Amino acid sequence: MPYARRTQDGRSSCRTSELARNPDSPPGSLSIVVPVYQESAGIPALERALRAFEADESRVRRLQVVLVDDGSTDGSGELLRQSFGGWPNATVVAHAHNLGLGAALETGAAVADGDYVAWFDSDLTYPPELLGRLAAELDLGADVALASCYHPDGGVDGVPAWRLALSRAASAVYSRLTGGVLHTYTSMVRAYRRETLDACSSTREGFLAVTEVLLRALRAGKRCVEVPAVLARRRAGQSKMRIVGVALGHLGLVASLKLGKLNPPRPRV
């Protein structure tokens, strides 16, 4: 199946203006999956930010927050339980060992019960308020809504050059291979319709899972919408990305995409 094409104005062919929501349909419920690994320094800020977002967005839709401790050894798991354990719509789950970002997202999706499933970075490089904008695009009829810092109306603020170099290069290659449908392919902050995520699960581990799921959705003809956003420098802790390994992984994913040999997605259980 071919990928969608951009329209003459340079945007994706699945523009928000082309999507229509049934006015009689209530906003979909939203489950927010937050993978956490060695982020103890940033958990207090994460709690404050998510609580503020919940206070506003819960007026619009039902929310669930699923925090996945991916085998942290710095006390992140205990801090998550202390911070969110008493929150009625929050669930904290833990891996006994570090399994990587892809596995953490899978675990969170298995617990999520919302109509929509969003992924959110625990380092607050994007604001939680963005999640409401992503969910609103799904209300309008999109299958996937993603934060896009490389969109002409997006931007970056204080992000290390090495991180931008890899992300920009990867997004440029994927954009060319998919017909220029999107500007950003590596951002984790997205919202999916439940059925779309279930149908497009990843076969890859770590950071590569994020891009693979999006490529599967595009390949399946799903309606994908970019929401311009500003990517900021993380407020606490350090990035867990291993740049050489991720770069090599992207090369492998690019090869699979060019050859039309993306493996079938794993069925969800």
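The values are calculated or read from the model by the stated rules, or taken from the named source; none is laboratory data. It should be emphasised that the depicted structure is a prediction, and the values quoted were computed from it without experimental measurement. Backbone-built Cβ (ideal geometry, glycine too); neighbour counts: all protein chains shown.
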Practice problem: Output the number of residues of the stretch 1-58 satisfying the condition of being exposed (fewer than 12 other Cβ atoms within 10 Å of the Cβ), modelled with pLDDT under 50 and in a helix (DSSP H, G or I). | Solution: 1
Practice problem: Find the residue count for the stretch 192-212, including only residues that are surrounded by 19 or more Cβ atoms within 10 Å (Cβ to Cβ) and without any contact (Cβ under 8 Å) to a residue 60 or more places away in the chain. | Solution: 3
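Consider residue 173 carefully, then state whether it is crowded, with 16+ Cβ neighbours inside 10 Å and under 27 Å from residue 36 (Cβ atoms).
Taking the combined requirement at face value, the residue does not satisfy it.
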Quiz prompt | Any hit, the stretch 154-163, residues being under 18 Å from residue 223 (Cβ atoms), without any contact (Cβ under 8 Å) to a residue 40 or more places away in the chain and among the small types (Gly, Ala, Ser) | solution = no
Quiz item: Of the residues 71, 85, which is of a type outside the set (Lys, Arg), in contact with a strand residue (DSSP E or B) (Cβ under 7 Å, 6 or more places away or on another chain), modelled with pLDDT under 95 and surrounded by fewer than 20 Cβ atoms within 10 Å (Cβ to Cβ)?
Solution: 85
Self-check item: Single condition residue 222 does not satisfy, out of (1) at pLDDT 90 or above; (2) out of contact with any Phe, Trp or Tyr (no Cβ under 8 Å at 6 or more places or on another chain); (3) in a loop (DSSP other than H, G, I, E, B); (4) within 18 Å of residue 33 (Cα to Cα)
Solution: (4)
Quiz item: Among the residues of the stretch 240-261, is any surrounded by 16 or more Cβ atoms within 10 Å (Cβ to Cβ), part of a loop (DSSP other than H, G, I, E, B) and modelled with pLDDT of 90 or more?
Solution: no
